[in-house]
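For reference, the structure is listed below as C-alpha coordinates.
The values are calculated or read from the model by the stated rules, or taken from the named source; none is laboratory data. Note that this is a predicted model, so its numbers are computed, not measured. Cβ placement follows ideal geometry from the backbone for every residue including glycine, while neighbour counts extend to all protein chains displayed. Note: accessible area is taken over every heavy atom of the protein model, side chains too, but ligands, DNA and RNA are not part of it. Shrake-Rupley method; radii C 1.70, N 1.55, O 1.52, S 1.80 Å.
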Amino acid sequence: MAERPSLLRRWLMIIGLLAIVVGVPLIFREEFVAISDRVLAAADERPFAAAALIVAALTLDVFLPVPNGVTNTLAGAAFGFALGTFVIWLGLMGGSTAGYALGRWGARPLAARLLGADDLEHAHRIAERAGPVALIVSRPVPILCEMTPIAAGIAGMAFGHFLFAVALGNLGVGVVYAAIGAAAVERTSTELLMLGAIGVPLAAWLGWQAIERWRAR
(Lines give C-alpha, C1' and ligand atoms only; values in the text may rest on other atoms or scores of the structure.)
Protein backbone atom coordinates (compact mmCIF):
# COMPACT_ATOMS: atom_id res chain seq x y z
CA MET A 1 0.00 0.00 0.00
CA ALA A 2 2.89 2.33 0.67
CA GLU A 3 4.11 2.05 -2.91
CA ARG A 4 0.84 3.30 -4.38
CA PRO A 5 0.87 6.77 -2.73
CA SER A 6 4.56 7.07 -3.64
CA LEU A 7 3.79 6.23 -7.26
CA LEU A 8 0.89 8.68 -7.23
CA ARG A 9 3.14 11.46 -5.89
CA ARG A 10 5.70 10.67 -8.56
CA TRP A 11 3.18 10.99 -11.37
CA LEU A 12 1.65 14.12 -9.88
CA MET A 13 5.11 15.69 -9.81
CA ILE A 14 5.79 14.65 -13.41
CA ILE A 15 2.42 15.99 -14.56
CA GLY A 16 3.02 19.24 -12.69
CA LEU A 17 6.47 19.75 -14.21
CA LEU A 18 5.22 18.90 -17.69
CA ALA A 19 2.40 21.40 -17.20
CA ILE A 20 5.04 24.06 -16.59
CA VAL A 21 7.20 22.97 -19.52
CA VAL A 22 4.37 22.53 -22.03
CA GLY A 23 1.22 24.06 -20.63
CA VAL A 24 2.42 27.51 -19.60
CA PRO A 25 3.61 28.60 -23.06
CA LEU A 26 0.48 27.11 -24.64
CA ILE A 27 -1.99 28.75 -22.25
CA PHE A 28 -0.19 32.07 -22.16
CA ARG A 29 0.61 32.18 -25.87
CA GLU A 30 0.09 35.92 -26.27
CA GLU A 31 2.14 36.67 -23.16
CA PHE A 32 4.87 34.37 -24.45
CA VAL A 33 5.01 36.23 -27.75
CA ALA A 34 5.12 39.56 -25.90
CA ILE A 35 7.95 38.32 -23.68
CA SER A 36 9.85 37.10 -26.75
CA ASP A 37 9.57 40.58 -28.26
CA ARG A 38 10.99 42.09 -25.07
CA VAL A 39 13.82 39.56 -25.00
CA LEU A 40 14.70 40.40 -28.61
CA ALA A 41 14.70 44.12 -27.79
CA ALA A 42 16.83 43.54 -24.69
CA ALA A 43 19.30 41.44 -26.69
CA ASP A 44 19.69 44.29 -29.17
CA GLU A 45 20.22 46.89 -26.44
CA ARG A 46 22.22 44.85 -23.90
CA PRO A 47 23.32 41.59 -25.53
CA PHE A 48 25.78 40.61 -22.79
CA ALA A 49 23.22 41.08 -20.02
CA ALA A 50 20.56 39.16 -21.97
CA ALA A 51 22.98 36.30 -22.64
CA ALA A 52 24.05 36.21 -18.97
CA LEU A 53 20.40 36.04 -17.89
CA ILE A 54 19.69 33.12 -20.21
CA VAL A 55 22.82 31.25 -19.08
CA ALA A 56 21.90 31.84 -15.43
CA ALA A 57 18.33 30.60 -15.97
CA LEU A 58 19.54 27.40 -17.64
CA THR A 59 22.16 26.85 -14.95
CA LEU A 60 19.56 27.16 -12.19
CA ASP A 61 17.24 24.73 -13.94
CA VAL A 62 18.49 21.90 -11.72
CA PHE A 63 17.07 23.74 -8.70
CA LEU A 64 14.09 25.59 -10.24
CA PRO A 65 11.38 24.54 -12.74
CA VAL A 66 12.74 26.61 -15.63
CA PRO A 67 10.92 25.84 -18.93
CA ASN A 68 13.98 25.04 -21.03
CA GLY A 69 12.06 24.88 -24.28
CA VAL A 70 11.02 28.51 -23.87
CA THR A 71 14.44 29.71 -22.71
CA ASN A 72 16.36 27.86 -25.41
CA THR A 73 14.07 28.98 -28.22
CA LEU A 74 14.26 32.60 -27.09
CA ALA A 75 18.06 32.36 -27.01
CA GLY A 76 18.08 31.24 -30.63
CA ALA A 77 15.63 33.97 -31.56
CA ALA A 78 17.62 36.66 -29.75
CA PHE A 79 21.15 35.75 -30.82
CA GLY A 80 20.77 33.85 -34.08
CA PHE A 81 21.97 30.36 -34.89
CA ALA A 82 25.71 30.44 -34.14
CA LEU A 83 25.78 32.66 -31.05
CA GLY A 84 22.44 31.26 -29.87
CA THR A 85 23.87 27.73 -29.99
CA PHE A 86 26.82 28.84 -27.87
CA VAL A 87 24.64 30.66 -25.29
CA ILE A 88 22.30 27.67 -24.96
CA TRP A 89 25.23 25.24 -24.72
CA LEU A 90 26.92 27.34 -22.05
CA GLY A 91 23.76 27.50 -19.94
CA LEU A 92 23.04 23.81 -20.30
CA MET A 93 26.62 22.98 -19.36
CA GLY A 94 26.26 25.11 -16.25
CA GLY A 95 23.09 23.26 -15.24
CA SER A 96 24.60 19.85 -16.00
CA THR A 97 27.74 20.59 -14.00
CA ALA A 98 25.72 21.93 -11.07
CA GLY A 99 23.64 18.74 -11.09
CA TYR A 100 26.73 16.54 -11.14
CA ALA A 101 28.28 18.51 -8.27
CA LEU A 102 25.07 18.18 -6.26
CA GLY A 103 25.05 14.42 -6.75
CA ARG A 104 28.79 13.88 -6.27
CA TRP A 105 29.57 16.21 -3.38
CA GLY A 106 26.19 17.26 -2.04
CA ALA A 107 23.94 15.23 0.18
CA ARG A 108 21.90 12.48 -1.48
CA PRO A 109 18.86 13.33 0.71
CA LEU A 110 18.97 16.89 -0.66
CA ALA A 111 19.02 15.61 -4.24
CA ALA A 112 16.13 13.25 -3.44
CA ARG A 113 14.19 16.10 -1.86
CA LEU A 114 14.63 18.25 -4.96
CA LEU A 115 13.69 15.58 -7.49
CA GLY A 116 11.89 12.84 -5.56
CA ALA A 117 13.52 9.66 -4.24
CA ASP A 118 11.84 7.33 -6.75
CA ASP A 119 12.71 9.45 -9.79
CA LEU A 120 16.27 9.89 -8.61
CA GLU A 121 16.68 6.14 -8.04
CA HIS A 122 15.29 5.49 -11.53
CA ALA A 123 17.75 7.97 -13.05
CA HIS A 124 20.54 6.38 -11.02
CA ARG A 125 19.77 2.98 -12.53
CA ILE A 126 19.75 4.52 -16.01
CA ALA A 127 23.10 6.23 -15.38
CA GLU A 128 24.66 2.99 -14.12
CA ARG A 129 23.22 0.89 -16.94
CA ALA A 130 23.82 3.17 -19.92
CA GLY A 131 26.55 5.47 -18.58
CA PRO A 132 27.52 8.33 -20.91
CA VAL A 133 24.97 7.22 -23.51
CA ALA A 134 22.13 7.97 -21.06
CA LEU A 135 23.55 11.44 -20.48
CA ILE A 136 23.65 12.17 -24.21
CA VAL A 137 20.18 10.93 -25.13
CA SER A 138 18.53 12.43 -22.04
CA ARG A 139 19.63 16.00 -22.82
CA PRO A 140 16.44 17.05 -24.69
CA VAL A 141 14.06 15.21 -22.33
CA PRO A 142 12.31 17.41 -19.74
CA ILE A 143 12.82 16.34 -16.11
CA LEU A 144 15.21 13.54 -17.08
CA CYS A 145 17.83 16.05 -18.23
CA GLU A 146 17.98 17.41 -14.66
CA MET A 147 17.96 14.00 -12.98
CA THR A 148 20.67 12.20 -14.96
CA PRO A 149 23.58 14.57 -14.10
CA ILE A 150 22.70 14.27 -10.40
CA ALA A 151 22.47 10.49 -10.76
CA ALA A 152 25.82 10.43 -12.58
CA GLY A 153 27.39 12.31 -9.69
CA ILE A 154 25.90 9.93 -7.14
CA ALA A 155 27.06 6.95 -9.21
CA GLY A 156 30.60 8.37 -9.14
CA MET A 157 31.00 8.64 -12.91
CA ALA A 158 34.42 10.04 -13.84
CA PHE A 159 34.07 13.78 -14.33
CA GLY A 160 35.93 13.72 -17.65
CA HIS A 161 33.55 11.10 -19.09
CA PHE A 162 30.58 13.02 -17.72
CA LEU A 163 31.77 16.33 -19.16
CA PHE A 164 32.38 14.88 -22.63
CA ALA A 165 28.96 13.20 -22.75
CA VAL A 166 26.94 16.21 -21.62
CA ALA A 167 28.98 18.57 -23.81
CA LEU A 168 28.09 16.49 -26.86
CA GLY A 169 24.43 16.10 -25.90
CA ASN A 170 24.01 19.76 -24.96
CA LEU A 171 25.57 20.83 -28.25
CA GLY A 172 22.93 18.86 -30.13
CA VAL A 173 20.17 20.45 -28.06
CA GLY A 174 21.65 23.90 -28.62
CA VAL A 175 21.84 23.41 -32.38
CA VAL A 176 18.17 22.33 -32.64
CA TYR A 177 16.75 25.12 -30.49
CA ALA A 178 18.95 27.83 -31.94
CA ALA A 179 17.95 26.79 -35.47
CA ILE A 180 14.26 26.94 -34.57
CA GLY A 181 14.55 30.28 -32.76
CA ALA A 182 16.61 31.87 -35.53
CA ALA A 183 14.21 30.59 -38.20
CA ALA A 184 11.25 31.94 -36.23
CA VAL A 185 12.72 35.44 -36.28
CA GLU A 186 13.75 35.23 -39.92
CA ARG A 187 10.25 34.18 -40.94
CA THR A 188 8.45 36.17 -38.20
CA SER A 189 6.71 32.92 -37.33
CA THR A 190 4.92 32.53 -34.02
CA GLU A 191 4.28 28.89 -34.91
CA LEU A 192 8.01 28.15 -34.99
CA LEU A 193 8.46 29.83 -31.62
CA MET A 194 5.73 27.61 -30.19
CA LEU A 195 7.29 24.56 -31.84
CA GLY A 196 10.51 25.19 -29.94
CA ALA A 197 8.81 26.11 -26.69
CA ILE A 198 6.32 23.23 -26.68
CA GLY A 199 6.75 20.80 -29.56
CA VAL A 200 10.38 19.79 -29.06
CA PRO A 201 10.18 19.16 -25.27
CA LEU A 202 6.91 17.28 -25.64
CA ALA A 203 8.22 15.14 -28.51
CA ALA A 204 11.38 14.34 -26.55
CA TRP A 205 9.38 13.34 -23.49
CA LEU A 206 6.97 11.15 -25.44
CA GLY A 207 9.86 9.55 -27.31
CA TRP A 208 11.62 8.71 -24.06
CA GLN A 209 8.43 7.23 -22.59
CA ALA A 210 8.03 5.07 -25.69
CA ILE A 211 11.61 3.81 -25.30
CA GLU A 212 11.02 3.03 -21.62
CA ARG A 213 7.84 1.09 -22.41
CA TRP A 214 9.66 -0.85 -25.14
CA ARG A 215 12.52 -1.73 -22.78
CA ALA A 216 10.04 -2.88 -20.12
CA ARG A 217 8.53 -5.55 -22.40
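Considering only segment 151-188, state which residues are more than 17 Å from the chain's Cα centre (by Cα), farther than 14 Å from residue 132 by Cβ, touching a residue at least 24 places away in the same chain (Cβ under 8 Å) and open to solvent by 60 Å² or more (accessible area, probe 1.4 Å).
Across segment 151-188, the qualifying residue is only 185.
Answer yes if at least one residue in segment 153-169 is in contact with a Leu (Cβ under 6 Å, 6 or more places away or on another chain), hydrophobic (A, V, I, L, M, F, W, C) and modelled with pLDDT under 90, and no otherwise.
No; the residues of segment 153-169 include none that is in contact with a Leu (Cβ under 6 Å, 6 or more places away or on another chain), hydrophobic (A, V, I, L, M, F, W, C) and modelled with pLDDT under 90.
Restricting to segment 196-210, give me the number of residues that are open to solvent by 40 Å² or more (accessible area, probe 1.4 Å) and touching a helix residue (DSSP H, G or I) at 6+ places or on another chain (Cβ under 6 Å).
Adding up the residues that qualify gives 1.
Could you check segment 129-148 and list, in sequence order, the residues that are basic (Lys, Arg) and in contact with a helix residue (DSSP H, G or I) (Cβ under 8 Å, 6 or more places away or on another chain)?
139
Could you say which residue among 91, 76, 103, 95 is touching a Pro at 6+ places or on another chain (Cβ under 9 Å), open to solvent by less than 20 Å² (accessible area, probe 1.4 Å) and at pLDDT 90 or above?
Result: 95 is the single residue among 91, 76, 103, 95 that is touching a Pro at 6+ places or on another chain (Cβ under 9 Å), open to solvent by less than 20 Å² (accessible area, probe 1.4 Å) and at pLDDT 90 or above.
Kindly establish whether residue 56 is crowded, with 21+ Cβ neighbours inside 10 Å and part of a helix (DSSP H, G or I).
When the stated conditions are applied, residue 56 does not pass them.
Considering only residues that are of a type outside the set (Phe, Trp, Tyr) and under 18 Å from residue 162 (Cα atoms), which ones fall in segment 72-95?
Scanning segment 72-95 gives 90, 91, 92, 93, 94, 95.
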